[in-house]
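J.: First the structure, then my questions, so here it is.
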Amino acid sequence: MKKYLFLLFVLVLVSACNCGINSLPKQFSNLADKVEKKGESFSAEQWEQVSDQLDALTEQYNENIDKFNADQKKEINTAIGRIQGCIVKAGLNKAADALNELVDGAKGFLEGLGASGDD
């Protein structure tokens, strides 16, 4: 009887481990969906959390890459690409905003120089 209980325990444990791995593509897709929907309004802290979560998921993926079929790998890699695209877009938007502020400041500076020459 103890053998059967032990075997049952082992089977449940193995199933739980495989279930976690099998849910990894969905976790990547869920993160990508979240970033695409709300990423434009994320703070720097929220982007840091996304980065940490992506790193953790990617580490799990790399440790178990041989356990995924082609469709699961495709889903994961597509989600990673979507997330990275949003990260780049967010970075470019912030850089563009900073550049616009710089240009506006330069315009004010030049206007100030032109006004002081009129005196």
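J.: Pairs only if they're at least six apart or on different chains, beta carbon under 6 angstrom, first in the range 53-68 and closer than 14 Å to Ala79 by Cα, second surrounded by fewer than 13 Cβ atoms within 10 Å (Cβ to Cβ) and among the small types (Gly, Ala, Ser); list them, first residue then second.
T.: Here the result reads none, with nothing in the range 53-68 linked to a residue that is surrounded by fewer than 13 Cβ atoms within 10 Å (Cβ to Cβ) and among the small types (Gly, Ala, Ser).
J.: Filter the range 18-66 down to residues that are surrounded by 13 or more Cβ atoms within 10 Å (Cβ to Cβ) and of a type in the set (D, E, K, R) and give me whichever is farthest from Ile87 (Cα to Cα).
T.: If we take residues in the range 18-66 being surrounded by 13 or more Cβ atoms within 10 Å (Cβ to Cβ) and of a type in the set (D, E, K, R), then Lys26 is farthest from Ile87 (Cα to Cα).
J.: Exactly one of these conditions fails for Ala79: (1) at pLDDT 70 or above; (2) open to solvent by 50 Å² or more (accessible area, probe 1.4 Å). Give me its number.
T.: Failing condition for Ala79: (2).
J.: Still on this structure, please answer the following. Exactly one of these conditions fails for Gln72: (1) open to solvent by 40 Å² or more (accessible area, probe 1.4 Å); (2) modelled with pLDDT of 90 or more. Give me its number.
T.: (1)
The values are calculated or read from the model by the stated rules, or taken from the named source; none is laboratory data. Predicted model only: the values in this text are computed from it and were never measured. Using ideal geometry, Cβ is built from the backbone for each residue, glycine included, and neighbour counts are taken over all protein chains shown. Side chains are part of the model used for accessible areas, which takes the heavy atoms of the whole protein and leaves out ligands, DNA and RNA. Shrake-Rupley method; radii C 1.70, N 1.55, O 1.52, S 1.80 Å.
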